[in-house]
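Inspection log for the structure reproduced underneath, given as structure tokens.
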Amino acid sequence: MITALFVFAGFGAQAHAQTREIYTIRDISVDERAATVIEAQQKAFASARIKGAYRLIDRLTLAEDRVGKIPSGSIDAETANRLAAAVDVEEEVRGGGRYVGKLAIVYNPVMVRSFLEERSIPYVDSAAPKAVIFPVSDRFDSASWSAAWPDQSTGRLAPFVVSRSYSVTPQSDWFSLRPDVESASARRAIKAVLGGRPGAYRVNLVSVTAAGETDLGSTSIVSTTEEAANAAAETLDAIWKDQSIVRSTERTPGRSTVFFTSLVEWNTLRTALARSPLIFDFAVEGLSKEGAVVKFAYAGDQQRLVSNLRERGVTLDPDRAGWVMTSAVSQMPVLSEE
């Protein structure tokens, strides 16, 4: 039990770090003039808070949910200052009453959530399971396509690291991808398959876990491979928001008996449930060396929950007695009943 508590504390610290990263907007360009450098800097900080607030809201919400609720100019300096928690200077040049630089703004999750809820704007601020991106193509040079990607994401709702393994192809399965996924402590692989033609690229995204493959969809057409990589990352964020934003207030109660053979296996299943944005009021009612009893409520229909957990490497199959939840890696059964 003591070991379990330390592991759970580690998960809490990791979740806190993910939340801070999601609520940080970086690379905000500013260029302000005033009677003094100090005044110019203050103007720059104020404008950066406003710009960053709009970018953060775009990150957490879908465009269709914002229609008519946050018109241009509705976030003023006072509101932005209330939402922000800190300003970090990334680059700056000052002098002659002018302040030029790039800033990062850290926002207060509690204040931002309250801002969105007051306007009835649904949002998601929990991260998708970490993924390893495999840039592949049957039509173009995979090495060049891989070079268009950053080593890892920054501030994404769907975080990722990029594999530079050039032996992977669009046909590669979980067993081929699994070593890179596990070495990155990730939950899933995503094949970013570059298609189209030079000057008109499109990326097809396929999620791969031990539970199987899921076609996530494709990006719009863009001109360069760098734009294609960015479009793919943006599409992954949009897919996660579409899968995870909860609009209904209805909750279906559930209770599960979980059997496991190791602490690692139990933590994998527990984390999948606890971090799913579709699951609420998750609690562990009892825990022993061999099993646990948990209760929770979930939003939406069962198929949506199945898809969400599948992305975390967990399968959820119906059974006459209730549900059977299985770690796709270990195939250890987890019995669940509504």
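The values are calculated or read from the model by the stated rules, or taken from the named source; none is laboratory data. This structure is a prediction, so every number in the text was calculated from the model and none was measured. Because the Cβ atoms are built from the backbone with ideal geometry, glycine has one as well, and the counts that use them run over all protein chains shown.
So that you can scan it fast, the table gives a plain yes or no per residue for (1) within 17 Å of Val193 (Cα to Cα); (2) in a helix (DSSP H, G or I):
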site: Ala143; (1), (2): yes, yes
site: Thr154; (1), (2): no, no
site: Tyr166; (1), (2): yes, no
site: Ser172; (1), (2): yes, no
site: Phe175; (1), (2): no, yes
site: Glu182; (1), (2): no, yes
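So, of the residues in the stretch 232-263 that are among the small types (Gly, Ala, Ser) and surrounded by fewer than 18 Cβ atoms within 10 Å (Cβ to Cβ), which turns out to be farthest from Ile190 (Cα to Cα)? Lay out the reasoning, then the answer.
First, the residues of the stretch 232-263 that are among the small types (Gly, Ala, Ser): 232-233, 238, 244, 248, 254, 256, 262.
Adding the requirement that they be surrounded by fewer than 18 Cβ atoms within 10 Å (Cβ to Cβ) leaves 238, 248, 262.
Values: Ala238: 15, Ser248: 29, Ser262: 28 Å.
Filtering the stretch 232-263 for residues that are among the small types (Gly, Ala, Ser) and surrounded by fewer than 18 Cβ atoms within 10 Å (Cβ to Cβ), the one farthest from Ile190 (Cα to Cα) comes out as Ser248.
Please find, among Ser248, Ser207, Ser183, the residue that is over 21 Å from Ser144 (Cβ atoms) and without any contact (Cβ under 8 Å) to a residue 12 or more places away in the chain. Talk me through it step by step, then tell me what you get.
Values: Ser248 fails: without any contact (Cβ under 8 Å) to a residue 12 or more places away in the chain; Ser207 fails: without any contact (Cβ under 8 Å) to a residue 12 or more places away in the chain.
Ser183 is the lone residue from the list that is over 21 Å from Ser144 (Cβ atoms) and without any contact (Cβ under 8 Å) to a residue 12 or more places away in the chain.
Given the conditions (1) part of a helix (DSSP H, G or I); (2) at pLDDT below 95; (3) not hydrophobic (A, V, I, L, M, F, W, C), and given that Ser114 satisfies all but one, which numbered condition is not satisfied?
Checking Ser114 against (1) part of a helix (DSSP H, G or I); (2) at pLDDT below 95; (3) not hydrophobic (A, V, I, L, M, F, W, C), the one that fails is (2).
Hey, among the residues in the stretch 276-322 that are of a type in the set (D, E, K, R) and modelled with pLDDT of 80 or more, which one's farthest from Ala189 (Cα to Cα)? Quick ask: steps written out before the conclusion?
Step one: list which residues in the stretch 276-322 are of a type in the set (D, E, K, R), which gives 281, 285, 289-290, 295, 301, 304, 310-312, 317, 319-320.
Those left that are additionally modelled with pLDDT of 80 or more: 281, 285, 295, 304.
Numbers: Asp281: 29, Glu285: 33, Lys295: 29, Arg304: 20 Å.
Residue satisfying both the conditions and the ranking: Glu285.
Filter the stretch 33-76 down to residues that are part of a loop (DSSP other than H, G, I, E, B) and among the polar types (S, T, N, Q) and give me whichever is surrounded by the most Cβ atoms within 10 Å (Cβ to Cβ). Lay out the reasoning, then the answer.
Here is the first cut: in the stretch 33-76, the ones part of a loop (DSSP other than H, G, I, E, B) are 34-36, 61-62, 67-76.
Filter again for among the polar types (S, T, N, Q), leaving 36, 61, 72, 74.
Numbers: Thr36: 11, Thr61: 20, Ser72: 6, Ser74: 10.
For the stretch 33-76, the residue satisfying everything is Thr61.
Looking at Arg197, Arg178, Arg202, Arg187, which one is out of contact with any helix residue (DSSP H, G or I) (no Cβ under 7 Å at 6 or more places or on another chain), assigned by TED's automatic domain parsing to the domain that holds Ala143 and at pLDDT below 90? Full working, then the answer.
Working: Arg197 fails: at pLDDT below 90; Arg178 fails: at pLDDT below 90; Arg202 fails: at pLDDT below 90.
After applying the criteria, what remains is Arg187.
Output the number of the condition that Asp242 fails; it satisfies all remaining conditions of (1) in contact with a strand residue (DSSP E or B) (Cβ under 6 Å, 6 or more places away or on another chain); (2) of a type in the set (Asp, Glu); (3) modelled with pLDDT of 80 or more.
All conditions are met except number (1).
Tell me yes or no: at least one residue of the stretch 165-174 is in contact (Cβ under 8 Å) with a residue 12 or more places away in the chain and crowded, with 21+ Cβ neighbours inside 10 Å.
To start, the set of residues in the stretch 165-174 that are in contact (Cβ under 8 Å) with a residue 12 or more places away in the chain comprises 165-166, 168-170, 172-174.
Pick out the ones that are also crowded, with 21+ Cβ neighbours inside 10 Å and you get none.
There is no residue in the stretch 165-174 that is in contact (Cβ under 8 Å) with a residue 12 or more places away in the chain and crowded, with 21+ Cβ neighbours inside 10 Å.
Taking the stretch 232-253 as the region of interest, how many residues are within 25 Å of the chain's Cα centre (by Cα) and assigned to a strand (DSSP E or B)? Step through it out loud before you land on a result.
Looking only at the stretch 232-253, we keep the residues that are within 25 Å of the chain's Cα centre (by Cα), and these are 232-252.
Filter again for assigned to a strand (DSSP E or B), leaving 252.
Qualifying residue count, the stretch 232-253: 1.
Would you pick out the residues in the stretch 264-301 that are exposed (fewer than 14 other Cβ atoms within 10 Å of the Cβ) and outside any strand (DSSP E or B)?
Selection gives Val264, Ser288, Lys289, Glu290, Asp301.
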